[in-house]
Amino acid sequence: MPRDLPDETWLLQERQRIGSRIRDARMDHNLTQEQVFLAVPVSRSYYQEIESGQGNPTLVTLILIARAIGCPLTDLVR
């Protein structure tokens, strides 16, 4: 039986929560956006979209961001 998919508003809110956690973790580790996006690597604009909740990163990108920041992935997506 197919489950109902979440609506776009809910998905945006979840992406924004994850983006906020990424930004907070980055700042807690005294890193700039540039240091993180160069380590991943993704473009500056895409990284900014991820932190703002507008981007839709893959699991691999999230893992690389967590590694670049120096925190567990679970801290970013809890």
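So the values come out like this:
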item	result
Residue in region 30-42 that is in a loop (DSSP other than H, G, I, E, B), in contact with a Gly (Cβ under 9 Å, 6 or more places away or on another chain) and on the phi > 0 side of the Ramachandran plot present	no
Qualifying positions in region 55-74 - under 17 Å from Asp24 (Cβ atoms) and part of a loop (DSSP other than H, G, I, E, B)	Gly55, Pro57, Gly70, Cys71, Pro72
From the options Asn30, Asn56, residue that is in contact with a Lys or Arg (Cβ under 7 Å, 6 or more places away or on another chain) and open to solvent by 90 Å² or more (accessible area, probe 1.4 Å)	Asn56
Residues being more than 14 Å from Gln33 (Cα to Cα), open to solvent by 30 Å² or more (accessible area, probe 1.4 Å) and over 9 Å from the mean Cα position of the chain (by Cα) - total across region 68-77	4
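The values are calculated or read from the model by the stated rules, or taken from the named source; none is laboratory data. Computed from a prediction, not measured in an experiment: that's the story for all the values here. Here the Cβ is made from the backbone with ideal geometry for all residues, glycine too, and neighbour counts use every protein chain on show. With ligands, DNA and RNA removed, areas are computed over all heavy atoms of the protein, side chains included. Shrake-Rupley method; radii C 1.70, N 1.55, O 1.52, S 1.80 Å.
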